[in-house]
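Engineer: Mind having a look at this structure? Questions to follow.
The values are calculated or read from the model by the stated rules, or taken from the named source; none is laboratory data. Everything numeric in this text was worked out from a predicted model, so none of it was measured. Cβ placement follows ideal geometry from the backbone for every residue including glycine, while neighbour counts extend to all protein chains displayed.
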Amino acid sequence: MSIADIIIEKAIRRAKSITIKKYPKRIRAKVYTINKINTFCSVIKDSLRNLLDKVNLDGFSTFQKELLDLLVSLKRIDESVQVVNKILSKIENAEEKYITMIKQESDKNKIKEYRRQLYGFVIAQIKRKKRYIEFLEHVYNEMKKIPKVKDEFTVVISGAPNVGKSTLLRALTGSEPEIAPYPFTTKSILLGYIRDLKYEIQVVDTPGLLDREIEEKNVVEKQAILALRHLANIIIFVFDPSETCGYGCEYQLNVYKSIKKHFPDKKTIVVVNKIDLFNDDSYKKYDEKFQDEIFYCSALKGIGVENLKERIVKEYMQKTS
Ligand SMILES: Nc1nc2c(ncn2[C@@H]2O[C@H](COP(=O)(O)OP(=O)(O)OP(=O)(O)O)[C@@H](O)[C@H]2O)c(=O)[nH]1
Ligand SMILES: [Mg+2]
C-alpha cells in the first residue's frame with residue numbers, strides 16, 4: 001500500500017474511533033461531527049508535515065546535497081514540497097469552511113452530508129497528488145543512504161577499482177570502518193577516522209574510478225568525483241603496480257592523470273600498493289610518471305602504512321595550525 005493510501009486509511013480509522021455518546025444530547029451531532037473532522041484532518045496534516053520534515057535538507061552539506069541531486073534531483077524535491085504545501089493549505093481552508101457551515105446548521109442530516117463532502121474533498125486532494133507524496137517518501141529513503149560525513153579535515157582515497165583502497169582505509173584507521181550503504185551499487189562508501197587525543201582526521205574511501213571523461217562516468221563514479229571535489233583536503237591516489245587489480249599500469253596512470261587534471265591544486269599523495277607481491281623493487285618503475293610524493297605500501301600486510309599516517313598527520317598539523 002502506498003504512503004498516500006496509508007495516510008488516508010489512518011485518518012479514517014482515527015476519526016471512526018471518536019464516539020458520539022460522550023457529548024450532551026442538545027449539541028451532540030454538531031460537536032461529534034466537528035471532532036471527527038478535526039481528528040480526520042489533523043491526522044492527514046500531521047502526516048504530510050511529518051513527511052516534509054523528513055525531507056528537510058537543512059544541515060545537509062553541499063556534498064550531501066549534490067549527492068542527493070545525483071540520486072533524486074533536488075528540483076523535483078522542491079517541486080513536490082511545494083505541491084504538498086499547497087495540499088496542506090487547501091485542506092486547512094476547507095476544514096475551516098466546513099466547520100463554520102456545520103456550526104450554523106441544525107439539521108443532523110445536513111451536518112452529516114457536510115462531513116462526507118469534506119472527507120471526499122480531502123481524499124481527492126491526496127489521491128490526485130499521490131505521486132508527489134510518494135516521491136517524497138522515496139527521497140527520504142534515499143537520504144538515509146547518504147553518508148554522514150563530518151565537516152572536518154578529510155583524506156579521500158581514490159584510484160582504479162580493486163587496487164586496495166578499502167584495505168588501505170582499514171589499515172590507516174585501525175578499527176572497522178563505519179559502513180553506510182552506497183547508493184545504486186552493492187558497494188558501500190566507507191568512512192574511517194585517524195584519531196588521537198588532539199585531532200580527528202576523516203578518511204573517506206570511494207568507489208573505483210575508470211579511465212573516462214567525467215561526462216561519461218556513471219552515477220557511482222560521479223559520487224567519487226563529488227567526494228574528491230567537496231571533501232578532500234588530501235587526495236590519496238592508490239596505484240597497483242602488480243596489476244592484480246585487473247587494470248594495467250598505463251590504464252591506472254590515465255586515471256591518475258585525469259584526477260590531476262580536474263584537481264590540480266589539491267594536495268595529492270601517491271600510494272604504490274601491494275609491494276608485498278614483489279621480490280625486487282620493480283614497483284618503482286613508474287615513479288617518474290607521478291608528480292606527487294610517493295609512499296610504497298602494502299595495505300594488506302601493513303608495510304609503509306605508519307609512515308603514510310605520519311605524513312597525513314603532518315599535513316593536517318600544517319593546514320590546521
Ligand atoms: N597482496 C596484496 N593484496 C592487496 C593489498 N591491498 C589490497 N589487496 C587485495 O586486493 C583486493 C582488492 O582490495 P580492496 O581493498 O577491496 O580494493 P578497492 O580498491 O577498495 O576495490 P573497489 O572498492 O572495488 O574499487 C583484495 O583482494 C585485497 O585483499 C596489498 O597490499 N597486497
Ligand atoms: Mg573498495
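Condition check ((1) part of a loop (DSSP other than H, G, I, E, B); (2) within 16 Å of ligand 1 (Cβ to nearest atom); (3) within 30 Å of Ile235 (Cα to Cα); (4) touching a strand residue (DSSP E or B) at 6+ places or on another chain (Cβ under 6 Å)) across all residues:
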site: Tyr140; (1), (2), (3), (4): no, no, no, no
site: Val149; (1), (2), (3), (4): yes, no, yes, no
site: Glu152; (1), (2), (3), (4): yes, no, yes, yes
site: Val155; (1), (2), (3), (4): no, yes, yes, yes
site: Val163; (1), (2), (3), (4): yes, yes, yes, yes
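Engineer: Within the stretch 43-57, which residues are in contact (Cβ under 8 Å) with a residue 24 or more places away in the chain, out of contact with any Asp or Glu (no Cβ under 9 Å at 6 or more places or on another chain) and surrounded by 14 or more Cβ atoms within 10 Å (Cβ to Cβ)?
Structural biologist: Taking the stretch 43-57 as the starting set, the residues that turn out to be in contact (Cβ under 8 Å) with a residue 24 or more places away in the chain are 43-45, 47-49, 51-52, 54-55.
Those left that are additionally out of contact with any Asp or Glu (no Cβ under 9 Å at 6 or more places or on another chain): 43-44, 47-49, 52.
Selection gives Val43, Ile44, Ser47, Leu48, Leu52.
Engineer: Quick one: in the stretch 218-257, which of the residues that are of a type in the set (D, E, K, R) and within 16 Å of ligand 2 (Cβ to nearest atom) is surrounded by the most Cβ atoms within 10 Å (Cβ to Cβ)? Break it down into steps so the answer makes sense when it comes.
Structural biologist: Initially, the stretch 218-257 is screened for residues of a type in the set (D, E, K, R), giving 221-222, 229, 240, 243, 250, 257.
After this cut, where a residue has to be within 16 Å of ligand 2 (Cβ to nearest atom) as well, the list is 221, 240.
Working: Glu221: 18, Asp240: 25.
Filtering the stretch 218-257 for residues that are of a type in the set (D, E, K, R) and within 16 Å of ligand 2 (Cβ to nearest atom), the one surrounded by the most Cβ atoms within 10 Å (Cβ to Cβ) comes out as Asp240.
Engineer: Same structure again: Among residues belonging to the stretch 203-217 that are surrounded by 20 or more Cβ atoms within 10 Å (Cβ to Cβ) and in contact with a Ser or Thr (Cβ under 8 Å, 6 or more places away or on another chain), point out the one that is farthest from Thr320 (Cα to Cα).
Structural biologist: Kept after step one, since they are surrounded by 20 or more Cβ atoms within 10 Å (Cβ to Cβ), are these residues of the stretch 203-217: 203-209.
Then keep just the ones that are in contact with a Ser or Thr (Cβ under 8 Å, 6 or more places away or on another chain); that gives 203-207, 209.
Numbers: Val203: 16, Val204: 19, Asp205: 22, Thr206: 24, Pro207: 28, Leu209: 29 Å.
Only one residue tops the list, namely Leu209.
Engineer: Identify all residues within the stretch 58-105 that are touching a residue at least 40 places away in the same chain (Cβ under 8 Å) and hydroxyl-bearing (Ser, Thr, Tyr); write none if there are none.
Structural biologist: Answer for the stretch 58-105, where residues must be touching a residue at least 40 places away in the same chain (Cβ under 8 Å) and hydroxyl-bearing (Ser, Thr, Tyr): Ser61, Thr62, Ser80, Tyr98.
Engineer: Quick check on the stretch 195-207: of everything there that is within 16 Å of ligand 2 (Cβ to nearest atom) and not in a strand (DSSP E or B), which residue is modelled with the highest pLDDT? Don't jump to the end; show me each part of the working.
Structural biologist: Kept after step one, since they are within 16 Å of ligand 2 (Cβ to nearest atom), are these residues of the stretch 195-207: 203-207.
Filter once more, so that each one left must be not in a strand (DSSP E or B): 206-207.
Details: Thr206: 87, Pro207: 83.
The selected residue is Thr206.
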